[in-house]
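Before any comments, here is the structure.
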Amino acid sequence: MDGVAETIYQIIRQVIRYRDSEADGVHVSDATRLYEAPDGLGLDSLEIAALSAGLEGRFGHDPYTAGVFPQTFGELVSYYSAGKT
Amino acid sequence: MASASKSFSYSVATRVVAHLAQGLDAARVRRFLVYMRDCPELILLLMAGSVVGAQTCVANRRYSTDEIADLCRRFGFEHVMADVPMSIDNVRSHYLSDMVPPKEFNMNSMAIPRLSDDPDARHIVLTTGTTGTPKGAVYAWRDLVAQIRQRPDQRSVTFLLAYQMNHFAGIQMMLHALCNRAALVMAESLQMPDVAWAAKNFNVDAISATPTFWRMLCSYVASHSDRLSLKQVTVGGEAVTDDLLAKLETCFPGVPVAQVYASTEMGSTFSVRDGKAGFPVSLLNRNSGEVQLRVVDGELQIRAQHSMLGYVGDSSSTQGEWFATGDLVAIQGDRVVFLGRKSEVINVGGVKVHPVEIEKVINQVPGVFAVRVSGRPNPVTGQIVVAQVVIAPDSNGKEEEMGAAIRSACKVLDRYMQPRLIEFVSNLPTANQKLMRRPESES
């Protein structure tokens, strides 16, 4: 994972820390779906809210506030990679 | 009355008050705004004002000249008693030392009037006004004095003033001490080192303060292995929770704790001394007495005989009417407990969350010095819960570990209440020794 992807991965890990199941074991790839479970991360609205706030805090802006709803981890990473260049 | 630099006995204070009252009379000052740092002289000036039937008001000393000018214009003050030179159009600025009685004034021949005798004497208490301009709650001095319970056992007590004089609680504390002829100590500031120094140096017996102030003082005392020999602890102004009562018991073992309920508009209304959070349901819905309480839509309403007369220039609230306090309560068994301020409620995806309940949990995590929970605008859920935490100076806890400990403690809370962001800060915003928990505004 490059820098941006790694940063976002760490934010996601923080977001799901309230879950009873171990947050450490979570693995993601570009194709990982953010909201579906069990085939994805299964983020619910509270976790998406926290993700939005976490991304905003780290990058100064976030897709959800901008009205964009990335579906996969890859889409989320490319939202920032695209903005960077 | 004592501060680090000055002290006044009651006999000297009475003479100074008489002197100032004559001076106010001679200068024909009938209504004045006070813009001074809190000090014993400020109290004597207010007493002199009440003696001559003046209208007085204490402004926040942090206000700018523009804000003072605005207050004078809105409330019609033509005189400001200041401790700095001030230049405001159409307003005369005075120093205390300008208040000189006329030459023929003979101290010995003068009968000293009693505080609050003059039915026209008014005092205006400014609301905190975190949003918009402050309103002025107008009180008759005699109502303020009528709220004070005179108790013979209070006469030998030394109180420390832990409120600013521009707020209701400062006035109330001043009158409680004066009416009971007790001693009142004013620290150099309300910062913990100054407070602890004054409390020890003047052998303070009693402090009345907010939960936020007490949390800070307990933490300060614990981390400096200091001891304060208090005999009386009074808490008010914010919701009092069981964890605070437990903390006070640890810090001041065996010292009785009184919880008072007071507000800028209703004044000091009732107190509870049973050591439990909230108050007995039996106080609700009484049909007689100077103070009546009821709960409407989860909000405490009060009707008090000695409340404010009304707001300056606004006849919407008057004395003797029911007043919505803005404090949300719940009835749990035979107890009415405070949930927090209506204005501080966080709306997480349609679920109402009370900051105080979350703070209660986080405050019990070892290493937490202070915490403030508030809402932050969020595109997904409207608001999310943010906890800002100050780590105790003597704690070895690293932010990472503290965050984990706080999250772990918060697992007992409903998912909507769990703070989704935990930020570590060096201090928390307060107003008049209360935490500012209003949701952050949309930016």
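Overview of values
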item: Neighbours by Cβ (under 9 Å, 6+ apart or cross-chain): first from segment B:323-352, within 14 Å of chain A (Cβ to nearest Cβ); second at pLDDT below 90 and surrounded by 17 or more Cβ atoms within 10 Å (Cβ to Cβ); result: B:346/B:437; B:346/B:439; B:347/B:439
item: Any hit, segment B:404-417, residues being touching a Leu at 6+ places or on another chain (Cβ under 8 Å) and over 29 Å from residue B:283 (Cα atoms); result: yes
item: Odd one out for residue B:161 among (1) over 21 Å from residue B:32 (Cα atoms); (2) open to solvent by 30 Å² or more (accessible area, probe 1.4 Å); (3) at pLDDT 90 or above; result: (2)
item: Any hit, segment A:54-62, residues being away from chain B (no Cβ under 13 Å), surrounded by fewer than 15 Cβ atoms within 10 Å (Cβ to Cβ) and of a type in the set (Gly, Ala, Ser); result: no
item: Tally of residues being open to solvent by 50 Å² or more (accessible area, probe 1.4 Å) and farther than 13 Å from residue B:331 by Cα across segment B:290-312; result: 4
item: Which numbered condition residue A:44 misses (of (1) surrounded by fewer than 20 Cβ atoms within 10 Å (Cβ to Cβ); (2) within 11 Å of chain B (Cβ to nearest Cβ); (3) touching a Ser or Thr at 6+ places or on another chain (Cβ under 7 Å)); result: (3)
item: Residue, farthest from the other protein chains (Cβ to nearest Cβ), within segment B:392-432, restricted to residues that are open to solvent by less than 50 Å² (accessible area, probe 1.4 Å), out of contact with any strand residue (DSSP E or B) (no Cβ under 6 Å at 6 or more places or on another chain) and under 30 Å from residue B:170 (Cα atoms); result: B:432
item: Segment B:5-42, residues that are closer than 16 Å to residue B:82 by Cβ and assigned to a helix (DSSP H, G or I); result: B:20, B:23, B:24, B:41, B:42
item: Residue within segment B:356-371 that is within 14 Å of chain A (Cβ to nearest Cβ), surrounded by fewer than 19 Cβ atoms within 10 Å (Cβ to Cβ) and of a type outside the set (D, E, K, R) present; result: no
item: Residue among B:34, B:51, B:16, B:12 that alone is over 22 Å from residue B:139 (Cα atoms) and touching a Leu at 6+ places or on another chain (Cβ under 7 Å); result: B:16
item: Boolean, residue B:280 is open to solvent by 50 Å² or more (accessible area, probe 1.4 Å) and touching a strand residue (DSSP E or B) at 6+ places or on another chain (Cβ under 9 Å); result: no
item: Residue ID - farthest from the other protein chains (Cβ to nearest Cβ), chosen from residues in segment A:5-20 that are assigned to a helix (DSSP H, G or I) and touching a helix residue (DSSP H, G or I) at 6+ places or on another chain (Cβ under 7 Å); result: A:5
item: Test: residue in segment B:294-305 that is within 19 Å of the chain's Cα centre (by Cα), closer than 22 Å to residue B:140 by Cβ and outside the structural domain of residue B:139 (by TED's automatic domain parsing); result: yes
item: Residues that are farther than 12 Å from residue A:12 by Cβ and in contact (Cβ under 8 Å) with a residue 60 or more places away in the chain, drawn from segment A:47-85; result: A:80, A:81, A:84
item: Candidate set from segment B:113-130 (those that are in contact with a Lys or Arg (Cβ under 7 Å, 6 or more places away or on another chain) and among the polar types (S, T, N, Q)); member that is modelled with the highest pLDDT; result: B:127
item: Residue check for residue A:23: assigned to a loop (DSSP other than H, G, I, E, B), at pLDDT below 90, open to solvent by less than 20 Å² (accessible area, probe 1.4 Å) and hydrophobic (A, V, I, L, M, F, W, C); result: yes
item: Tally of residues being closer than 16 Å to residue A:48 by Cα and either more than 9 Å from chain A (Cβ to nearest Cβ) or open to solvent by less than 20 Å² (accessible area, probe 1.4 Å) (or both) across segment B:378-391; result: 5
item: Segment B:21-41: number of residues that are open to solvent by 10 Å² or more (accessible area, probe 1.4 Å) and more than 27 Å from the chain's Cα centre (by Cα); result: 5
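The values are calculated or read from the model by the stated rules, or taken from the named source; none is laboratory data. Remember, predicted model here, so these are calculated numbers, not experimental data. Glycine gets a Cβ as well: all are built from the backbone with ideal geometry, and neighbour counts include every protein chain shown. The protein model used for the area step is the full one, side chains on, heavy atoms only, and it has no ligands, DNA or RNA in it. Shrake-Rupley method; radii C 1.70, N 1.55, O 1.52, S 1.80 Å.
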